[in-house]
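Worksheet: the structure to be examined is printed underneath.
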Amino acid sequence: MLLPDKVVVVSGIGPGLGRAIAVQSAKAGADVVLASRTESRLTEVAEEIKGLGRRALAVPTDINDEAAVAHLVETAQSTFGRVDALVNNAFAMPPMANLGEVDLDEVRAAFETNVLAALRMTRSFVPALAESKGAVVMINSAVLRHSRRTFGPYKMAKASLLAMSQSLATELGPQGIRVNSVAPGYIWADNLKWYFGYLAKKRGITAEEVYAETAKTLDLRKLPEPDEIADAAVFLASEMARAITGQCLDVNCGEYHH
């Protein structure tokens with residue numbers, strides 16, 4: 001019970017990591033505020049959390065919209081009276097292209113959601129988090145640790161998110177707010193399972209063989225699952241991490257060492 005009777009706000013609720021962060025927070029004792037644009041997903045996860053005996057508040061939210069974020073903050077505060085942690089998990093896939101050729105408007109659009117919207121969310125929740133001496137957790141990516149071709153726009157966005165998180169840790173620390181990041185590697189969820197199936201069909205092998213080939217390059221010989229990454233976010237949001245701020249915790253089963 002790392003989050004006993006705490007209130008955690010999670011953005012980017014979907015079938016993979018967003019859901020896992022919300023559910024693992026509830027299992028750790030928290031009530032959860034769920035934010036994303038797709039109301040049906042929010043309702044589904046909210047019901048799952050209620051089944052665990054915790055309260056859940058589903059608030060359809062476009063985090064790129066200032067008014068929508070203000071409504072999210074007001075609704076969370078009026079319903080629960082406090083906010084103890086914010087997990088910025090919302091994500092928009094940047095264009096996969098070489099930096100010398102990429103459409104700059106597409107890069108800007110990715111920055112809006114992946115960086116500026118996370119800043120908007122954090123700034124909006126600062127008064128509530130200052131009151132509770134709370135925490136912010138940014139969901140980053142292992143793309144920070146490599147510079148492969150076509151990943152440049154993706155790395156730019158996530159590197160900016162990390163720099164922003166570290167600067168916020170310095171700015172908000174005097175108010176008792178901690179800001180940390182989690183950088184997942186592979187996430188063994190629906191999207192990756194589909195991709196491995198695609199690769200398997202293309203190569204004439206099984207998806208299990210693609211998984212085995214990939215896993216053998218990782219220290220633990222397995223790919224991280226959503227719950228395992230979510231648990232790292234729960235830890236950073238909890239009192240167990242009360243002296244940790246400005247840090248980035250890699251959760252990649254040993255794919256990279258940092």
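The values are calculated or read from the model by the stated rules, or taken from the named source; none is laboratory data. On a predicted model such as this, the values are computed, not experimentally measured, just so you know. Heads up, the Cβs are rebuilt from the backbone with ideal geometry, glycines too, and the neighbour counts pull from every protein chain shown. For the accessible areas, the whole protein counts, side chains as well, though only heavy atoms, and no ligand, DNA or RNA atoms are used. Shrake-Rupley method; radii C 1.70, N 1.55, O 1.52, S 1.80 Å.
One line per residue, one yes/no per condition, for (1) acidic (Asp, Glu); (2) in a helix (DSSP H, G or I); (3) open to solvent by less than 20 Å² (accessible area, probe 1.4 Å); (4) in contact with an Asp or Glu (Cβ under 6 Å, 6 or more places away or on another chain):
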{"residue": "Ala200", "(1), (2), (3), (4)": "no, yes, yes, no"}
{"residue": "Leu220", "(1), (2), (3), (4)": "no, no, no, no"}
{"residue": "Asp231", "(1), (2), (3), (4)": "yes, yes, no, no"}
{"residue": "Phe235", "(1), (2), (3), (4)": "no, yes, no, no"}
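For Asp5, the conditions (1) open to solvent by 70 Å² or more (accessible area, probe 1.4 Å); (2) not in a loop (DSSP other than H, G, I, E, B) are fulfilled apart from (2).
Of all residues in the stretch 156-185, exactly one satisfies the criterion of being in a loop (DSSP other than H, G, I, E, B) and crowded, with 21+ Cβ neighbours inside 10 Å, namely Ile177.
When residues in the stretch 127-161 are screened for being closer than 15 Å to Val7 by Cβ and in contact with a helix residue (DSSP H, G or I) (Cβ under 7 Å, 6 or more places away or on another chain), 5 of them pass. Counting only helices (runs of 4 or more DSSP H) that sit wholly inside the stretch 35-136, those with at least 1 residues that are modelled with pLDDT under 95 are 39-51. When each of Arg242, Arg203 is tested for being farther than 24 Å from Leu144 by Cβ and either touching a residue at least 40 places away in the same chain (Cβ under 8 Å) or in contact with a strand residue (DSSP E or B) (Cβ under 7 Å, 6 or more places away or on another chain) (or both), the lone residue that passes is Arg242. Condition test on Val251, is it open to solvent by less than 50 Å² (accessible area, probe 1.4 Å), among the β-branched types (Val, Ile, Thr) and closer than 20 Å to Leu2 by Cα? The answer is yes for Val251. The residue of the stretch 78-127 that is most open to solvent (accessible area, probe 1.4 Å), among those that are touching a strand residue (DSSP E or B) at 6+ places or on another chain (Cβ under 8 Å) and charged (D, E, K, R), is Arg82. When Arg55 is tested against (1) open to solvent by 60 Å² or more (accessible area, probe 1.4 Å); (2) over 19 Å from Ala128 (Cα atoms), only condition (2) is not met.
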